[in-house]
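Encoded as structure tokens, the structure appears first; notes follow it.
The values are calculated or read from the model by the stated rules, or taken from the named source; none is laboratory data. As the structure is a computational prediction, the values presented were derived from the model and not from experiment. Here Cβ is always computed from backbone atoms with ideal geometry, including for glycine, and neighbour counts include all displayed protein chains.
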């Protein structure tokens with residue numbers, strides 16, 4: 001997907017940790033080899049509660065180009081460019097690309113030009129209204145996300161992704177590992193905005209989210225599907241059918257243990 005290399009001040013996370021005796025927890029579905037391994041690891045360390053707040057951000061708020069929406073800087077050119085911090089016309093119509101474009105938030109040349117595709121049906125100002133906040137908690141091997149979104153595309157189809165990027169990023173950028181949150185077939189990652197562009201995403205899963213570490217930046221991101229379809233374990237063609245409006249980098253695991 002995208003993203004910077006460290007947690008900025010704007011992404012300060014409120015962390016609350018507690019270590020206590022065993023208690024009741026959300027029960028997972030039928031065990032697998034993966035969950036049995038996780039349970040064995042949890043058995044050798046104290047039961048604990050981890051909880052922190054999450055605030056999603058746009059790429060522009062991270063001083064990065066928007067990766068999957070484009071503007072036409074010269075009318076009739078049939079060329080489009082990724083939106084950057086220098087693009088301030090909130091009424092500018094957004095476009096798709098004619099071909100899928102890989103994410104590359106760090107190379108200035110990747111801003112464009114790219115072949116112009118169809119109109120996305122919204123302005124830059126509307127796109128930047130995407131907002132998302134919530135909490136992540138973890139107890140006894142079970143992770144729980146409770147998230148609220150607004151400013152979404154009314155009745156728009158979205159999916160939630162758990163993504164990983166090398167730290168520091170490779171040069172040239174090699175991309176990210178993108179996994180649908182929950183079931184690996186993507187069936188638990190889908191949510192839809194209501195007519196007012198609002199949505200809730202509440203989900204429990206085992207094992208919990210993997211935090212960032214010295215080698216990897218771990219993230220959550222939402223993916224807007226402009227064609228109204230989802231693609232199981234595949235995010236879809238970025239720039240044509242799939243567009244990332246918001247993401248959040250997760251804290252380093254050493255900071256919350």
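Could you tell me whether the range 210-219 includes any residue that is assigned by TED's automatic domain parsing to the domain that holds residue 135, closer than 22 Å to residue 150 by Cβ and not in a loop (DSSP other than H, G, I, E, B)?
Yes, because at least one residue in the range 210-219 is assigned by TED's automatic domain parsing to the domain that holds residue 135, closer than 22 Å to residue 150 by Cβ and not in a loop (DSSP other than H, G, I, E, B).
Is it the case that residue 191 is in contact (Cβ under 8 Å) with a residue 60 or more places away in the chain and over 13 Å from the mean Cα position of the chain (by Cα)?
Here the answer is no, as residue 191 does not meet what is asked.
Can you say whether residue 76 is at positive phi and without any contact (Cβ under 8 Å) to a residue 24 or more places away in the chain, as far as the supplied structure shows?
Answer is yes for this residue.
Just to check your reading of the model, which residue among 228, 175 is within 16 Å of the chain's Cα centre (by Cα) and more than 22 Å from residue 53 (Cβ to Cβ)?
Sole residue among the options that is within 16 Å of the chain's Cα centre (by Cα) and more than 22 Å from residue 53 (Cβ to Cβ): 175.
Considering each residue of the range 106-129, count those that are part of a helix (DSSP H, G or I) and either more than 15 Å from residue 79 (Cα to Cα) or over 23 Å from the mean Cα position of the chain (by Cα) (or both), and give that number.
Final tally of qualifying residues: 6.
Condition first: without any contact (Cβ under 8 Å) to a residue 60 or more places away in the chain and under 20 Å from residue 139 (Cα atoms). Now tell me which residues in the range 214-249 satisfy that.
218, the sole residue that qualifies.
Out of the range 142-169, which residues are under 15 Å from residue 218 (Cα atoms) and out of contact with any strand residue (DSSP E or B) (no Cβ under 7 Å at 6 or more places or on another chain)?
168, 169
Report, by residue number, each residue of the range 171-182 that is within 22 Å of residue 146 (Cβ to Cβ), at pLDDT 95 or above and in a loop (DSSP other than H, G, I, E, B).
181 - this is the single residue of the range 171-182 that is within 22 Å of residue 146 (Cβ to Cβ), at pLDDT 95 or above and in a loop (DSSP other than H, G, I, E, B).
Out of all the residues in the range 34-51, is one or more modelled with pLDDT under 95, assigned to a loop (DSSP other than H, G, I, E, B), over 24 Å from the mean Cα position of the chain (by Cα) and surrounded by 15 or more Cβ atoms within 10 Å (Cβ to Cβ)?
Yes, because at least one residue in the range 34-51 is modelled with pLDDT under 95, assigned to a loop (DSSP other than H, G, I, E, B), over 24 Å from the mean Cα position of the chain (by Cα) and surrounded by 15 or more Cβ atoms within 10 Å (Cβ to Cβ).
Out of the residues in the range 177-197 meeting the condition of being out of contact with any strand residue (DSSP E or B) (no Cβ under 8 Å at 6 or more places or on another chain) and within 25 Å of residue 251 (Cα to Cα), tell me which one is surrounded by the most Cβ atoms within 10 Å (Cβ to Cβ).
183
Tell me which residues, restricted to the range 231-247, are in a strand (DSSP E or B) and surrounded by fewer than 16 Cβ atoms within 10 Å (Cβ to Cβ).
The one that is in a strand (DSSP E or B) and surrounded by fewer than 16 Cβ atoms within 10 Å (Cβ to Cβ): 234.
Regarding residue 200, is this residue surrounded by 13 or more Cβ atoms within 10 Å (Cβ to Cβ) and closer than 25 Å to residue 141 by Cβ?
no
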